[in-house]
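Every number in this text was worked out from the coordinates using simple rules, so none of it is lab data. In this text the structure is predicted, and so the values were computed from the model without any measurement. Cβ placement follows ideal geometry from the backbone for every residue including glycine, while neighbour counts extend to all protein chains displayed.
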Amino acid sequence: MFLPTQNFTIRKILRTQLEHTSSGRELDSLREEVYIKKFKILFIKLVMKIINWTLAIVLAFNLVACTSGTDNTKKHEVITKTTTTPPQAVTETTTQVTEATTEAVENTDKAQPLADAKAQAETTKTKNETPAKSEKTSTSKPKQIVEKAKEATTSKVKEATAGTQKVAETVKETVQNTKPAVTETVVKSIEPVKEAVTPPPAPKVETKPVATPPVVEKPSAAVVEKPAPKVEEKPIPKPKMPLSHDAWDALLRKHVSSTGTVSYSGFKGDMGKLQDYLDLLANNPPQSAWGRSKTMAYWINAYNAYTVKLILDNYPLGSITDLEGGKPWSKRWIKLGNQTYTLDQIEKEILLKKYKDARVHFAVNCAAKSCPALLNQAWTSGNLESNFERQTKKFINNPQFNEISSKSAKISQLFDWYASDFGDVQTFINKYSDTPLKANTKIDFMEYNWKLNE
């Protein structure tokens, strides 16, 4: 039962491994393994035959000894001896055979010497055991039988070893004969694949000589090297900072006098700081949660700072009216948040229309000499109301902008252009004027000076 099953499993292993092999070397190694395993199976068969022959001889010897004995006591001894010794001999021979088979499986090259050694050991053991038995039987017949059994076992062992040698030689011959055949089949199977994979050679293109026109030598001229174009480095965006008017306040205190005269040349040296403040305004547009004072301060500072920026971008300049065809206030260029505004939008549509406070006219500055003076500090939610009152009173009582006496008055054209914002102009002026206007006071308007307020 053991040998056919093993043979079947070997065939199955061979079949599965042959399906997955892809090279000639692997096929050679597999075939060698198969022949070696077949050799092992034949060797085990021979060993089993030897064991069977040995057992048969021992049993025959015991039967003869039992039948040929003369004395009952001797017969009893012989029977006891024969019943006890064969199992020992059988166990010894079986263990020796199993050891030999395991060693033969591990190392097939040493199988034949091991078989010879085991056979000699078995013959010597049978020799040692048979004299003891012959002494007890003391008959001539058993001796002859034993000698015949010895001769039979030795001949069988010799036949078995000779058979194993023949099997080994046939295995080696078949392995050597199959190697070139396997390699040839592998090479033949690979060649069509190579031919299918390798692309056909590209067709040769015949190149015709092209007629080159004659080179006309030109007089050498001085080579002018063009300067490499400058790569404009984009500024790295600055992190968003919270709204603060401190930077604008510092610039105003540094470059604007208490009377409102502006040093645009000084501002020019601080263009970077001014731009940083404008970026801060652009990144922090007014929010709906802001209060009135904070929102108005934001828009007043934005109007004045962007007006200074407009002048500096075109400085030196005689008048703001020299820009944009005399209408610089209508230019849409002030980007705050997601929207773009004009100066007129900030002043008229946001500050005046939304908050309806005429004092805004004295807070925003249009960069002209007749405009209300630019305050030399930033507007904040904390100083908004006080600065409104102080700037309005200062403008109305300044003879540069308004000449007011008890009999006549020459006032700024602002009161004429934006009369609707002030309501009753005389009432508004009397609220802040040191010299009140009488009801019959004749009112004229001063000529507006558009020269730069520097």
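Details
- Extension gain, residue 315 back to residue 335 (0.36 nm per residue minus Cα-Cα distance, nm): 5.0 nm
- Members of 294/369; 335/369; 348/407 lying beyond 32 Å, as alpha-carbon distances in this model show: 348/407
- Whether region 246-445 is rounded, prolate or oblate, judged on the alpha carbon gyration tensor where a/c under 1.5 counts as rounded: prolate
- Ordering 366, 371 by the number of other Cβ atoms within 10 Å of each residue's own Cβ, fewest first, gives 366, 371.
- Peptides 278-285, 349-356 ordered by packing proxy, namely the average of other Cβ atoms within 10 Å per residue, highest first: 278-285, 349-356.
- Each part gets one Cα centre, and for region 237-301 versus region 356-429 those centres are 22 Å apart.
- Net charge of Cβ neighbours under 13 Å - reference residue 410; Lys, Arg +1; Asp, Glu -1: -2
- Counting other Cβ atoms within 10 Å as a rough exposure proxy, the listed residues 48, 241, 296 run 241, 48, 296 from fewest neighbours to most.
- Note on 344, 434: ascending count of other Cβ atoms within 10 Å places them as 434, 344, the fewest first.
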